[in-house]
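The next block holds one structure in the form of structure tokens; read it before the comments.
Bear in mind that the values in this text are calculations on the coordinates, not laboratory data. The structure presented is a predicted model; accordingly, all values stated were derived computationally and were not measured. Methodologically, a virtual Cβ is constructed for each residue, glycine included, from the backbone with ideal geometry; neighbour enumeration extends over all protein chains shown.
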């Protein structure tokens with residue numbers, strides 16, 4: 001195989017298995033090749049002569065570990081599902097012919113459960129720019145020393161991620177106790193950072209000043225557990241940041257964090273609220289007001305507030321158009337996601353205000369768990385939103401289609417078919433006539449492929465019987481199927497007419 005092809009083939013590796021195959025066959029005990037997730041177990045000690053093929057290809061590798069980078073060809077076959085166990089890493093470490101196994105490595109994602117931190121050192125090299133580590137246990141003393149040495153070993157790091165799998169620790173906070181001070185020390189040496197992802201590490205008054213003043217930091221994912229005062233900062237905070245993702249106990253904590261700067265140039269803000277907490281409508285509105293006043297309205301294009309909690313009877317904080325009003329001044333909002341247990345109270349006129357304010361909208365999520373009482377939004381209001389937001393591809397809200405005549409509505413309202421919308425989550429929307437709704441859907445959203453409604457956890461199930469809820473779910477499914485069939489027939493008819501016209505033109509030309 002030509003060298004350029006080999007370079008592309010080895011550029012990015014999902015795991016170490018391709019390298020294990022570079023050793024002689026008798027080195028590893030391999031399970032049944034038909035078995036999913038087979039393991040490579042060491043059969044005999046590694047000899048210096050076993051490393052020839054490994055070292056021949058080692059210099060080609062630039063990326064190791066699972067990554068979202070699809071710019072280069074990667075080995076993405078069934079072999080990647082195979083496992084390089086701890087014993088393999090230990091064997092490589094103990095018999096390695098040189099200190100750095102992959103001398104040209106730029107990206108290292110150490111994320112598998114068998115990727116114990118103690119075995120990472122042979123894969124670290126000074127030229128590395130992107131490091132991502134997931135811990136499945138509190139780091140030992142030796143591993144903490146290793147983490148501290150990262151800053152002195154690698155000066156060119158621009159992207160760093162360290163996370164913890166809390167399911168492996170049964171929710172223990174031991175990780176934070178050990179890692180927080182380490183993080184502060186290593187980051188203080190990396191002034192070229194562009195991406196910092198520390199979702200399980202709480203930002204503190206001692207770690208904030210250096211992070212906030214990093215001149216090139218563009219993306220930050222962080223946890224907030226304590227309020228941080230303005231007194232700890234000197235100078236312009238986060239001068240280049242455009243993406244902020246925050247994990248916190250309440251929305252008010254993120255609100256106070258955003259008040260650290262008066263001139264954010266953020267494009268995306270993503271907030272995830274911890275379980276067993278629901279912010280009031282006033283707190284939610286205050287957060288949106290800070291976005292309006294402290295973030296450049298011309299830059300901000302995406303806002304997300306989400307929670308993993310499910311709705312219950314005590315979730316009575318209703319969000320209405322007044323709550324959302326501060327966001328209406330953002331002219332370039334492309335996606336708004338409010339995936340919290342809040343119920344909503346919006347009508348057709350409110351939806352018209354949203355459509356007018358955000359013509360570039362691509363994703364709109366107003367809840368995921370239903371609005372409870374019947375929505376005040378009608379199919380007419382939905383059609384007006386789709387008429388104005390032509391780029392919308394994903395929509396989640398509740399409507400009331402229990403009584404409407406689409407034929408009458410269609411005569412009164414000009415509706416241009418919306419060809420981009422493919423996903424529609426109607427939560428706990430009411431519906432009476434599935435056939436009439438199918439005509440509406442085929443006319444308005446002919447390319448719709450998924451309609452979700454009346455899942456097991458929507459709020460509307462508290463207001464209707466289990467039988468009624470399941471019946472509504474089936475009605476929406478029938479409406480979608482009929483709409484898809486109707487839209488398909490229309491496409492076939494248009495194709496037939498075009499063919500007939502083309503044949504007529506060809507016939508007249510030849511005559």
Segment 454-511, Rg to Rh (Cα coordinates; Rh as Kirkwood inverse mean 1/r)
1.50
Protection proxy ranking, peptides 43-49, 145-151, 431-437, average beta carbon neighbours within 10 Å, highest first:
431-437, 145-151, 43-49
So how do 444-454, 134-144 stack up, highest first, on mean other-Cβ count within 10 Å?
444-454, 134-144
More than 18 Å apart - percent of Cα-Cα pairs taken over segment 315-368
27 percent
Quick one: check the C-alpha center-to-center distance for segment 268-297 versus segment 123-140, whole angstrom.
33 Å
One can check that the equivalent ellipsoid of segment 420-471, built from the alpha-carbon gyration tensor with semi-axes equal to the square roots of five times its eigenvalues, has lengths in Å, largest first, of 23, 13, 7
Please sort 288-301, 484-497 by packing, taking for each peptide the average over its residues of neighbouring beta carbons within 10 angstrom, highest first.
288-301, 484-497
With angles folded into 0 to 90 degrees, how steeply does helix 281-294 sit against the dominant principal axis of the chain? Use alpha carbons for both and round to 10.
70 degrees
Here, the chain modelled as identical Cα point scatterers in vacuum has Debye log10 I(q)/I(0) at q = 0.07, 0.08, 0.10 Å⁻¹ of -0.55, -0.69, -0.97
Two-decimal Rg to Rh for segment 235-283 - Kirkwood Rh, Cα set:
1.01
Looking at the chain, what % of its DSSP beta bridges pair antiparallel, to the nearest 5?
5 percent
222 nm mean residue ellipticity, helices alone, for the chain (DSSP H n ≥ 4; -39,500 (n - 2.57); rounded to 500):
-10000 deg cm²/dmol
For segment 343-511, compute Rg over Rh where Rg is the Cα radius of gyration and Rh is the Kirkwood radius from the inverse mean 1/r over Cα pairs.
1.07
